[in-house]
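K.L.:
Handing you this structure, nothing more for now.
Since every read-out is calculated from the coordinates, none of them should be taken as a lab result. What you see is a predicted model, and the numbers here were worked out from it, not measured in a lab. Don't worry about glycine lacking a Cβ; one is built from the backbone with ideal geometry, like all the others, and counts go over all protein chains shown.
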Amino acid sequence: MNDPSFTTFLFGQLSWGALPFVRAWRDPNISEIIGAGAGAIVVLGAFGAIALITYLRAWKFLWTEWFTSLDHKKIGIMYVVLAGIMLSRALIEAVLIRTQQAVAINAPGYVQPEHFAQLFTTHGSIMIFFMAMPFLTGLMNYVVPMQIGARDMAFPYLNSVGFWLTVAGAGLMMVSLAVGQFSTGGWSGYPPYTELNFSGGPGPDYWIWAVTLSSLGSSTVGINIACTIYKFRAPGMTFFRLPLFCWTSLCTAILMIFAMPPLTVATLLLAADRYAGMHFFTDDGGGNMMNYVNLFWLFGHPEVYIVVLPAFGVYSEVISAFSSKELYGYKSLIIATMAIAILSFTVWLHHFFTMGQSASVNAAFGIATMTIGIPTGVKIYDWILTMFRGEVRFTPSMVLSLAFMVTFVLGGFTGIILATPPLDYMMHNTLFLVAHFHNMLIPGTLYGLLAGYMFWFPKAFGFRLNEGWGWISAGCWISGFYLAFFPLYVLGASGMARRTQQVFDPAFRPWLLIALFGAFLLLTALITLFVQLYVSIRDRHANAVPVGDPWDARGLEWSVSAPPPEWNFATIPHVGDRDAFYWRKRAGGAYRPADHYRDIELPRNTACGVIIGIAAAALCFGLVWRIWWMAVLFGFLVVATVIIRSFMRDVTRTIPAAEVEEADRRWLAQAHAARPVPREQEQSGLNQGRAKIFPQPTAKHA
Amino acid sequence: MTATTVGPALLHAGLNLDHASREEAAQVQSDVFGFWVFLMSDAVVFALLFALFGTSLEATAGGPDLAGVVKLGPAFIETMLLLASSFSFGMGSVMLKRGAKPRLMKHFRPAVLWLALTWVLGVAFLGMEVNDFATMAREGATPDRSFFLSAFSVLVGTHGMHVLIGIIWMPVLLLQLAAGGLDRPLKVNMIRLSLFWHFLDIVWIAIFSVVYLQGALR
């Protein structure tokens, strides 16, 4: 049994030293203790969750109602929950990063360089791949089918597989806290540093496989969303009647289809270098790391718009709904979205102006980069003009949207600075860059996702989120952002390099302390977000909006109960105009029973998605630690599950017409009994989800 | 989709939907369309591997170069095998399309035979390719020798992996045919497999032109 070759066969490169607890025991310094603490939180958190679920006897419920579900709404919610968990971890890491830099001025600080590098690597990787991507995917999953009048996605089973692959990737990220170390190569994982010669441990392998799983998951999402919008729009829902969120989702999906393959190729070729001794990006053997950099940013720049465009869609919905006005410049917004999507493929080189191309190549990409400012500017003006003379209500979603408009424009200005190659030579790899992209992604993605979460939450769960805590949270997100990142512009312009574990210029101290304070404000923002959720769940009966239209909103998703029935629509709606439900309400056509109800066919639950996800996670864990039997066994399990599923024929179930009718009539009775609320009472307990309709002089159908 | 058609329009070669309802036809359309989109995404993977291959030609690190590793003879035979397999898959599709009607069950046999032939040709192709790589390895041209050999192996090898997937996929579908007859999901999967198989043919044509012909001309 103690034969070393047998142990190696069984456990690969896994050893006791891989556990942070053992490392902290052997070498108890604060850095290792933090590592062990983080590992302990993961382990305790996992056991705590398992114990709680067991105590509540909720396993069967979770399994049958959620994990195995193919309902796009439930998968969407699970995506958002995953994003929330990962956001919490990555935000705590951000606070640790800021704390380290603030205290490590001519001092060692409290985390060692190796550990600090892991912090910024996981922070970046999680925020992009396991926070932003799942969050926006969750919103698209939930909202898009409902907005286009469909009952599910085009590929419900693929949807489940994609979700569980993403969970598998996120799981690997979490496991890396408790077993081994993560990569120290930054979220972009540049070779040759991430090659075996320089990063020998399991770190880059964790990064490679976590990102690959997420990338594959996102590819399936792209295909699914695009097909759903192309093929499953309700009758009359022409492209120029689609809500803007669907347009931005479509563009995002197209970007995912074309931009995820370069990432998959980049990570897998890096894996080929590390596992098979190939020479794609190595120093020797003719390898060329520039190929990696090009591949990575061929993905990376479209990725920026993958995470930004859905937020633009959310803002369009939120601003239009809370201004009670049709979107200004609907078609120009679509053209701008499409233009951004296409231009996003032409600018990847601005991520590495300093890597030795000729000046004219840099100039071409610099100009292309600045060009993106034009369609983005169009959008900002359109949103401003949508509010103009509208009946604007300052709900938390709207506050976040307004903050976005101001902040994002400021970030755009610093983007113009960075897009100018000579200036970029000054700013490259400084905190100026860090400030810039946080300035784009926090308002451009996170605010949008949070605004969308607060906007659609009542639809998904049937009660409003507490506005008071919403405002507090929005206020913290906004002020926290300014305090945390504007000092970084100053620091970057003064020459402070990014990703430094120690700082040697005491003049930086005040700015670093302000940034640290901002980071704590952002953490407060996250905590208040959870408080808001808790308070809202506690007061759910007082804030219930079962009729489903709490904001006098516009799209088809508001035309059904909250939460919506499993089948979304009792009958597939016919669409005659843009903002279909808004005008239907005003024409008196809302809350009417169907002429006749029909049986509805829905996808049956399946465990295949979960099995594939778990097996893929185990496969990748085996690959990380070179436990070959594990990799082979679970790789085989993935393939076998795919094949077995293809033999299954009984994959749908039918909801009888009577059940649909009963549910629909129950909801209609509720709707008719509800007292319609005017807009000024929307945020009070009087709101039951039915809007009071005022005559509108400009109404199209008046 | 026109709302008035009750019977199916033959939207995809080889797809005979018989008397599908409107929803069913729409579902099938989407199922096949989604696979086209996937292939497009997959094509991006190959495009990138071709680009890498292009940048790798000089990066031989003193090892074998393209002219040294390319053997046009076997590559030509492989091309013929793959093209023939595409033809036989096409014949299989035509037979299956006719076989969709119960009274034309007799078409099943030739369909299965054509698909079996496709499978044999695919296996022969893969066998020859593996042999090529083994020959290269014996001559010291292994993927870990240089960037060029890495790029060469991964480009050709990725195509080979795809062929392998097709070779696993085909008997799976034939088993389903034997088990449950030609029902709607199987028809859709047959169309997907045929798209996949023809797509691999196109990729191979590109590989033959860019890799093998270039090597022979150098």
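K.L.:
What stretch of chain A, leaving out the sites themselves, is the longest with no chymotrypsin sites (Phe, Trp or Tyr not before Pro) in a DSSP loop having at most 12 other Cβ atoms within 10 Å? Before the final figure, lay out each step's value.
P.N.:
Values: sites that count: A:388, A:504.
Longest gap between qualifying sites, sites excluded: A:1-387.
K.L.:
Also, quick follow-up: Would you mind finding the longest exposed-site-free stretch of chain B, with exposed GluC sites (Glu not before Pro) meaning DSSP loop and at most 16 other Cβ atoms within 10 Å? Intermediate values should be presented prior to the final figure.
P.N.:
Working: sites that count: B:58, B:139.
In short, B:59-138.
K.L.:
Let me confirm one metric for peptide A:288-295, namely the mean number of other chain beta-carbon atoms within 10 Å of its residues' beta-carbons. Spell out each step's value before the answer.
P.N.:
Working: counts 5, 0, 1, 8, 1, 0, 4, 3.
Mean shielding by partner chains, rounded to a whole number: 3.
K.L.:
When A:541, A:574, A:72, B:159 are ordered from fewest to most other Cβ atoms inside 10 Å of their Cβ, what list results? Can you show the working numbers first?
P.N.:
Numbers: A:541 8, A:574 11, A:72 27, B:159 21.
Result, fewest neighbours first: A:541, A:574, B:159, A:72.
K.L.:
Among the aspartates and glutamates, which have Cα under 17 Å from the Cα of residue A:325 when same-chain residues fewer than 8 positions away are ignored?
P.N.:
Candidates past the 8-residue exclusion: A:317, A:382, A:391, A:549, A:552, A:577, A:579, A:680, A:682.
K.L.:
Looking at the square roots a ≥ b ≥ c of the eigenvalues of the Cα gyration tensor of region A:1-151, which shape do they give, rounded for a/c under 1.5, prolate if a/b is larger than b/c, or oblate? Present the calculation step by step, with values, prior to reporting the outcome.
P.N.:
Working: a/c = 2.39, a/b = 1.44, b/c = 1.66.
Oblate, since a/c reaches 1.5 and b/c is not below a/b.
K.L.:
On a 29 Å Cα-Cα criterion, which of the cross-link pairs A:459/B:187; A:379/A:459; A:331/A:459; A:231/A:379; A:459/A:692 come out too long? Intermediate values should be presented prior to the final figure.
P.N.:
Values: A:459/B:187 38 Å; A:379/A:459 26 Å; A:331/A:459 27 Å; A:231/A:379 27 Å; A:459/A:692 18 Å.
In this structure, A:459/B:187 exceed 29 Å between Cα atoms.
K.L.:
How charged is the neighbourhood of residue A:685? Take every other residue with its Cβ under 10 Å from the Cβ of residue A:685, and add Lys/Arg as +1 and Asp/Glu as -1.
P.N.:
Numbers: positive: A:464; negative: A:539.
Neighbour charge sum, excluding residue A:685 itself: 0.
K.L.:
Now for a separate question. Can you tell me the length gained on complete extension of the stretch residue A:283 to residue A:29, counting 0.36 nm per residue apart and subtracting the Cα distance? Write out the running numbers ahead of the final one.
P.N.:
On the way: separation 254, 0.36 × 254 = 91.44 nm, distance 3.49 nm.
Separation in residues times 0.36 nm, less the Cα-Cα distance, equals 87.9 nm.
K.L.:
Continuing with the same structure: What relative contact order, as a whole-number percentage, does region A:1-91 give when Cα pairs under 8 Å and 6 or more residues apart are counted? Write down the numbers at each step before the final one.
P.N.:
Working: 22 pairs, mean separation 11.2, N = 91.
Reported as a whole number, the value is 12 percent.
K.L.:
Within chain A, what is the longest stretch that has no trypsin sites (Lys or Arg not before Pro) placed in a DSSP loop and near at most 10 other beta-carbon atoms within 10 Å? Spell out each step's value before the answer.
P.N.:
Details: sites that count: A:57, A:389.
The longest such stretch corresponds to A:58-388.
K.L.:
Oh, and also: For the protein assembly as shown, what does -39500 (n - 2.57) per DSSP helix run (n ≥ 4), summed and divided by total residues, give at 222 nm, in deg cm²/dmol to the nearest 500? Mind dumping the intermediate values first?
P.N.:
Values: 30 runs with 597 residues, N = 920.
Result for the protein assembly as shown: -22500 deg cm²/dmol, rounded to the nearest 500.
K.L.:
Tell me whether region A:58-544 comes out rounded, prolate or oblate; compute the Cα gyration tensor, take square roots of the eigenvalues as a ≥ b ≥ c, and use a/c under 1.5 as the rounded threshold.
P.N.:
On the way: a/c = 1.35, a/b = 1.29, b/c = 1.05.
Note, shape of region A:58-544 comes out rounded.
K.L.:
Once R0 is set to 51 Å, what does the formula 1/(1 + (r/R0)^6) return for the Cβ-Cβ distance between residue A:54 and residue A:507, expressed as a FRET efficiency to the nearest 0.05? Each step should come with its number before you reach the end.
P.N.:
On the way: r = 55 Å, r/R0 = 1.08.
In this case the efficiency is close to 0.40.
K.L.:
Using the Karplus curve 6.51 cos²θ - 1.76 cosθ + 1.60 with θ = phi - 60°, what ³J(HN,Hα) values do you get for each residue of region A:626-635, in whole Hz, with x for Gly and Pro?
P.N.:
6, 9, 5, 4, 5, 4, 5, 4, 7, x
K.L.:
Same structure again: From the backbone phi of region A:267-276, what are the Karplus-calculated ³J(HN,Hα) couplings (6.51 cos²θ - 1.76 cosθ + 1.60, θ = phi - 60°) in whole Hz, Gly and Pro given as x?
P.N.:
5, 6, 6, 4, 4, 4, 4, 6, 9, 10
K.L.:
When only C-alpha pairs under 8 Å and at least 6 residues apart count, what is the relative contact order of region A:58-544, in percent? Before the final figure, lay out each step's value.
P.N.:
Working: 784 pairs, mean separation 79.0, N = 487.
Contact order relative to length: 16 percent.
K.L.:
Okay, moving on. If you take the beta carbon distance between residue B:47 and residue A:196 as r and set R0 to 35 Å, what does 1/(1 + (r/R0)^6) give as a FRET efficiency, to the nearest 0.05? Working shown, then result.
P.N.:
Working: r = 28 Å, r/R0 = 0.80.
Efficiency, from the Cβ-Cβ distance: 0.80.
K.L.:
Let me ask something else about it. Taking each residue of A:635-644 in turn, how many C-beta atoms of other protein chains fall within 10 Å of its C-beta, and what is the average?
P.N.:
Details: counts 0, 0, 0, 0, 2, 0, 0, 3, 5, 1.
Per residue, the average neighbour count from other chains is 1.
K.L.:
If r is the Cβ-Cβ distance from residue B:23 to residue B:173 and R0 is 30 Å, what FRET efficiency results, to the nearest 0.05? Numbers along the way, then the final one.
P.N.:
Values: r = 24 Å, r/R0 = 0.80.
For residue B:23 and residue B:173, the calculated efficiency is 0.80.
K.L.:
Under the definition of partner shielding as Cβ atoms of other protein chains within 10 Å of a residue Cβ, what is the mean value for peptide B:38-49? It would help to have the intermediate numbers written out before the result.
P.N.:
Working: counts 7, 0, 4, 11, 2, 2, 10, 6, 2, 3, 10, 2.
Per residue, the average neighbour count from other chains is 5.
K.L.:
Would the protein assembly as shown count as rounded, prolate or oblate if I go by the C-alpha gyration tensor, calling it rounded below 1.5 in a/c and otherwise prolate when a/b exceeds b/c, oblate otherwise? Can you show the working numbers first?
P.N.:
Details: a/c = 1.60, a/b = 1.08, b/c = 1.48.
Oblate is the answer for the protein assembly as shown, as a/c is 1.5 or above yet b/c matches or exceeds a/b.
K.L.:
For chain B, set up a GNM with springs between Cα atoms under 10 Å and report which of B:138, B:192, B:184 has the largest fluctuation.
P.N.:
Among B:138, B:192, B:184, the largest GNM mean-square fluctuation belongs to B:138.
K.L.:
Roughly speaking, what is the centre-to-centre gap between region A:210-258 and region A:312-374 when only Cα atoms are used, to the nearest Å?
P.N.:
Measuring centre to centre over Cα atoms gives 18 Å.
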